[in-house]
Amino acid sequence: MPKPIQPPSATRYGTAPGPSRRRLLAGLSAASLVSLGAGCGQVAFPASGASRNSGGPQKSALLLPLSGASAELGQTLQSAATLGGGPGIGIEIIDSGSTPETAVAAAQAAVAAGAKMIVGPVFSAQAEAVGKAVRVPLVTLSNNEALAGGGTYVFGVTPTQSAQAILSIAAQRNLREVAVIVPPGAFGAQSAAAAEKTGRALGLSMRPALVQQNADDLLAALRAAGGLPNAVYLPAADATLEPFAQALRGQGIQLLGSTQWSALDLSGRAAFRDAWFAAPDPLRFAAFDDAFSKAAGKPGGIISGLTFDAVELLRILGQSGQLSAKGLTRKEGFTGVVGPYRFQKSGLCERGLGVLKVGAGEFSLIGSTSV
């Protein structure tokens, strides 16, 4: 499991001339060729030169939905994959379309051309179909943990990773009783299950999740379940989020959020003042986000950062001749712009994340996990 939250040195992200720092977070989850330099906030673009292998780098492929219903997303991710002039020797970008059938055809073509590893597809149904159709390691950008295993590795930021980050700091700060409130649906159910399992492992008292379609009688439901808790975890960032937050405001309850919150501009909303949420550590992500925004004209989001990191993963393993399950699961793991990560043999991924506090027009980094 990721190591516990480590308190950072004082780091604040306030308003500044030029692009608003709010955009830094508004672009984090719209849900590589670049690696961080030794200094925080620097991005180094590695040269695509000779491999350590005398025969040149091994071949790999990145499957993106460049056509079909999700072509706009695919073009955004392609911009991340090619940031700095990439993706690099031996890495081919292939259109996976937007259906399982087109993704399978793309993956089979990649393997026939010599690809030893595939990154993608983006969507769960596509990844499931591709995982059954090819026999090379598949690193999917989906966050569906059920896909892990049988040669498929889940690279998306999962509900478990968000819960681990935010509940670790809740435990560290002695918020012992936590309620989870989710809207109906698969994401809410997965997030609630992940939070309950993770919280109990951290020694927290986790109440059974409340499934609410709206904020009506929310406080009454909490009181009926045993009184108001120390903290409430609201993992979904859909239309229910702000009404839930408003209903809980002023009750002495610490609001907790997932990486889903990163897609929103929360800094001007009173209901979220002093809330904490999981996010890529801005010390790592800001340089990528700025570089991507300048190149593409828009913020990329977490999934763009993951694409960026995955291309760097292919480059590192391809140049060292380690495009294999053994290479993916190396003990030292990897460092990316979304944060440090390490693949497990199960196909799941351990990931370090930051925890941010919402202020008045600024965000404070109050902790981070490592792997």
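For every residue, the table says whether it meets (1) out of contact with any Ser or Thr (no Cβ under 6 Å at 6 or more places or on another chain); (2) at pLDDT below 95; (3) farther than 18 Å from GLN126 by Cα.
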residue: LEU36; (1), (2), (3): yes, yes, yes
residue: GLY41; (1), (2), (3): yes, yes, yes
residue: GLY55; (1), (2), (3): yes, yes, yes
residue: SER67; (1), (2), (3): yes, no, no
residue: GLY74; (1), (2), (3): yes, no, no
residue: LEU77; (1), (2), (3): no, no, no
residue: ALA81; (1), (2), (3): no, no, yes
residue: GLY85; (1), (2), (3): yes, yes, yes
Going by the conditions given, is ARG315 modelled with pLDDT of 95 or more, within 15 Å of the chain's Cα centre (by Cα), of a type in the set (D, E, K, R) and open to solvent by 20 Å² or more (accessible area, probe 1.4 Å)? no
Looking only at the range 77-98, which residues are in contact with a helix residue (DSSP H, G or I) (Cβ under 6 Å, 6 or more places away or on another chain) and assigned to a helix (DSSP H, G or I)? LEU77, SER79, ALA80, ALA81
What are the pairs with Cβ atoms under 6 angstrom where one residue, in the range 148-169, is farther than 21 Å from ALA263 by Cβ and the other, located anywhere, is in a helix (DSSP H, G or I) and of a type in the set (Gly, Ala, Ser)? Sequence gap at least six, or different chains. THR152/GLY131
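Within the range 89-105, take every residue that is farther than 20 Å from LEU313 by Cα and either of a type in the set (A, V, I, L, M, F, W, C) or touching a Lys or Arg at 6+ places or on another chain (Cβ under 6 Å) (or both) and give me the one that is most open to solvent (accessible area, probe 1.4 Å). Lay out the reasoning, then the answer.
The first filter runs over the range 89-105 and keeps only residues farther than 20 Å from LEU313 by Cα, leaving 97-105.
If we keep only those that are either of a type in the set (A, V, I, L, M, F, W, C) or touching a Lys or Arg at 6+ places or on another chain (Cβ under 6 Å) (or both) as well, we get 103-105.
Numbers: ALA103: 0, VAL104: 28, ALA105: 57 Å².
Taking the candidates together, the pick is ALA105.
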Answer yes or no as to whether PHE334 is closer than 22 Å to ALA275 by Cα and touching a Pro at 6+ places or on another chain (Cβ under 9 Å). no
In the range 324-333, anything open to solvent by 10 Å² or more (accessible area, probe 1.4 Å) and among the hydrophobic types (A, V, I, L, M, F, W, C) is listed as ALA325
Filter the range 211-221 down to the residues that are under 15 Å from GLN246 (Cβ atoms), open to solvent by 30 Å² or more (accessible area, probe 1.4 Å) and not in a loop (DSSP other than H, G, I, E, B) and list them by number. LEU219
By my count, strands (runs of 3 or more DSSP E) wholly in the range 107-192 with at least 1 residues that are under 19 Å from LEU63 (Cα atoms) and open to solvent by 10 Å² or more (accessible area, probe 1.4 Å) are 152-154
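Listed here are the residues, each with its yes/no results for (1) within 26 Å of TRP261 (Cα to Cα); (2) not aromatic (Phe, Trp, Tyr).
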position	(1), (2)
ILE302	yes, yes
PHE308	yes, no
SER324	no, yes
GLY336	yes, yes
GLY359	yes, yes
Residue that is nearest to the chain's Cα centre (by Cα) [pool: residues in the range 335-350 that are among the β-branched types (Val, Ile, Thr) and open to solvent by less than 60 Å² (accessible area, probe 1.4 Å)]: VAL338
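The values are calculated or read from the model by the stated rules, or taken from the named source; none is laboratory data. Since this is a predicted model, take the numbers as computed values, not measurements. Note: ideal-geometry Cβ built from the backbone for every residue, glycine included; neighbour counts use all protein chains shown. With ligands, DNA and RNA removed, areas are computed over all heavy atoms of the protein, side chains included. Shrake-Rupley method; radii C 1.70, N 1.55, O 1.52, S 1.80 Å.
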